[in-house]
Amino acid sequence: MEENYMATTRNGHELKDMYNPETNTLDIRSNGLYPSNVLSNLCSNGFRLDGMVCSSMEGFLQSLKRKELDKQRQICSMKGGNARKMSVTSWQTDQIVWWKGQAIDRQSEEYQRIIRRAYQAMFEQSERFRAALMQTRGIKLVHTSGEPSSYKTILTPAEFCDILMNMRDSYDLRDKTKELEEKSIRRKKLMYLHGFGSSAASGTVKTLRELLSDFDVVAPDIPVDPAEALPFLRGLCMNEVPDVVVGTSMGGMYAQQMRGYNRICVNPAFEMSKKSKMLTVGTHEYFKPRKDGTTHFEITPEIIHNHAEMEEHQFEGITEADRKQVWGMFADNDQQVNGESLFLQYYNQVIHFQWRAPYG
């Protein structure tokens, strides 16, 4: 079960308040109270970078010390505590680290760029990390433990805190200016999330664009694997800032998880791994080709497992504000998906309709 990062104790030990009101600083520590603990590299804020799945920032940082790609991939997938145990010092001799087979000078600007890219990816893809960082607006971040010399550590406390504060302040400024500009000039934006085996070329997308001519309709091809799809969609929402997210079937399940946005879940398929007759191991054909021309996709046991894992946590962290932003639309005669009873355990805004044609 996922750890409760809002808790005040862990394993019987009191977590510490790391905020100092006299200096207006927050010390980032894994044993600190929220948001300090979530900002720690040891926290399990998962993200994907250059196709590599990282279960924590600590996993990514420790993996840079390994030249072997398989070993790097293994360490990237580890949670923070386990990844830290994989630390080695052999890289310090020549100051060379590695990313996906490429040698990088630890003291170079190239190294700084890849580190910043990793944190940016985590910021865009991990809602928990992003929310924790933005909660520290106006506070100086510090990290009082750690090696200060860049020749002896993969990331110094100064590098770490500078990256977080620059990222936070840049986003905060962009967020405020974009909000002011877009309120006056931009068209409304609807993001549509398609169902399983469908694509952005579905008939539903065409219909939405015809009927809602005053809206810009954003319709992505959703990755097949939920481990990739969920962070991808959250990052896309952050960049597009839609006025409303609409999803059908599997897309409705994903739409529900786009916290902070107005959402309409049409016949949402909340239990794909248990009830879907289509989510089976093997090669399948898309109902409509993808934007890149792909016509078939592969379902593996790992993908089915990732669906089950995501479904277990999909309703966590719902707030009263979320409940006001989510509507469920359920077809009275839908024989494929019936998630209304599960929806009503968490939300109360429901519309019923007669389903006349397949959706995708």
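Mind counting the residues in the stretch 27-42 that are farther than 19 Å from GLU58 by Cβ and either open to solvent by 70 Å² or more (accessible area, probe 1.4 Å) or modelled with pLDDT of 95 or more (or both)?
Filtering the stretch 27-42 down to residues farther than 19 Å from GLU58 by Cβ leaves 33.
So of that shortlist, the ones also either open to solvent by 70 Å² or more (accessible area, probe 1.4 Å) or modelled with pLDDT of 95 or more (or both) come out as none.
Number satisfying all stated conditions: 0.
Suppose we filter the stretch 62-85 for residues that are among the hydrophobic types (A, V, I, L, M, F, W, C) and over 19 Å from the mean Cα position of the chain (by Cα); how many remain? Explain how you work it out, then say what you get.
Going residue by residue through the stretch 62-85, those that are among the hydrophobic types (A, V, I, L, M, F, W, C) are 64, 69, 75-76, 78, 83.
Going one step further and asking which of them are over 19 Å from the mean Cα position of the chain (by Cα), we end up with 64, 69, 75, 83.
Final tally of qualifying residues: 4.
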**Request:** With the condition kept exactly as written, say whether any residue in the stretch 111-129 is surrounded by fewer than 13 Cβ atoms within 10 Å (Cβ to Cβ) and in contact with a strand residue (DSSP E or B) (Cβ under 6 Å, 6 or more places away or on another chain).
**Result:** no
**Prompt:** Residue check, VAL205 against (1) at pLDDT 90 or above; (2) open to solvent by 50 Å² or more (accessible area, probe 1.4 Å), all met but one. Which one?
**Reply:** (2)
**Prompt:** So, of the residues in the stretch 319-334 that are under 18 Å from ALA269 (Cβ atoms) and open to solvent by less than 70 Å² (accessible area, probe 1.4 Å), which turns out to be modelled with the lowest pLDDT?
**Reply:** ASP334
**Asked** Looking at the stretch 10-50, which of its residues are part of a strand (DSSP E or B) and polar (S, T, N, Q)?
**Response** ASN20, THR25
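What number of residues within the stretch 86-130 are of a type in the set (Gly, Ala, Ser) and under 25 Å from the mean Cα position of the chain (by Cα)? Steps first, please.
Taking the stretch 86-130 and keeping what is of a type in the set (Gly, Ala, Ser), we get 87, 90, 101, 103, 108, 118, 121, 126.
When the remaining residues are screened for being under 25 Å from the mean Cα position of the chain (by Cα), the result is 118, 121, 126.
So the answer is 3.
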**Flag for SER170 being under 20 Å from the mean Cα position of the chain (by Cα), hydroxyl-bearing (Ser, Thr, Tyr) and either at pLDDT below 95 or on the phi < 0 side of the Ramachandran plot (or both)** = yes
**Fill in**
When VAL246 is run through (1) over 22 Å from SER126 (Cα atoms); (2) open to solvent by 10 Å² or more (accessible area, probe 1.4 Å), the failure sits at (1)
**Item:** Scope the stretch 71-113; condition part of a helix (DSSP H, G or I) and at pLDDT below 95; matching residues
**Value:** GLY80, GLY81
**Request:** Scan the stretch 287-304 for residues that are surrounded by fewer than 16 Cβ atoms within 10 Å (Cβ to Cβ) and either among the aliphatic types (A, V, I, L, M) or farther than 20 Å from SER273 by Cβ (or both) and report the count.
**Result:** 7
**Message:** For the stretch 257-286: of the residues being modelled with pLDDT of 90 or more and open to solvent by 80 Å² or more (accessible area, probe 1.4 Å), which is nearest to PRO226 (Cα to Cα)?
**Reply:** VAL281
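Yes or no: MET52 touching a helix residue (DSSP H, G or I) at 6+ places or on another chain (Cβ under 8 Å), open to solvent by 30 Å² or more (accessible area, probe 1.4 Å) and more than 26 Å from TYR19 (Cα to Cα)?
no
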**Fill in**
Here the qualifying pairs (Cβ atoms under 7 Å; residues six or more apart or on different chains; first in the stretch 90-111 and more than 20 Å from GLN74 (Cβ to Cβ); second open to solvent by less than 10 Å² (accessible area, probe 1.4 Å) and in a helix (DSSP H, G or I)) come out as ASP105/TYR111
**Prompt:** Exactly one of (1) open to solvent by 30 Å² or more (accessible area, probe 1.4 Å); (2) at pLDDT 95 or above; (3) charged (D, E, K, R) is unmet by ASP17. Its number?
**Reply:** (2)
**Item:** Filter pass, MET278 being aliphatic (A, V, I, L, M) and in contact with a Cys (Cβ under 7 Å, 6 or more places away or on another chain)
**Value:** no
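Residues PRO220, PRO226, PRO242, PRO231: which one is under 30 Å from THR295 (Cβ atoms) and at pLDDT below 90? Please lay out each step first, then the result.
Details: PRO220 fails: at pLDDT below 90; PRO226 fails: at pLDDT below 90; PRO242 fails: at pLDDT below 90.
Within the list PRO220, PRO226, PRO242, PRO231, the selection yields PRO231.
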**Complete:** Across (1) in contact (Cβ under 8 Å) with a residue 60 or more places away in the chain; (2) within 24 Å of the chain's Cα centre (by Cα), THR25 clears everything bar (2)
**Asked** Taking only pairs six or more apart or across chains, which ones have beta-carbon atoms under 6 Å, a first residue in the stretch 55-81 that is among the basic types (Lys, Arg), and a second residue that is in a helix (DSSP H, G or I)?
**Response** LYS65/TRP91; ARG66/GLN72
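The values are calculated or read from the model by the stated rules, or taken from the named source; none is laboratory data. Computed from a predicted model, the values in this text were never measured in an experiment. Here the Cβ is made from the backbone with ideal geometry for all residues, glycine too, and neighbour counts use every protein chain on show. Heads up: the accessible areas ignore ligands, DNA and RNA and are worked out on the full protein's heavy atoms, side chains in. Shrake-Rupley method; radii C 1.70, N 1.55, O 1.52, S 1.80 Å.
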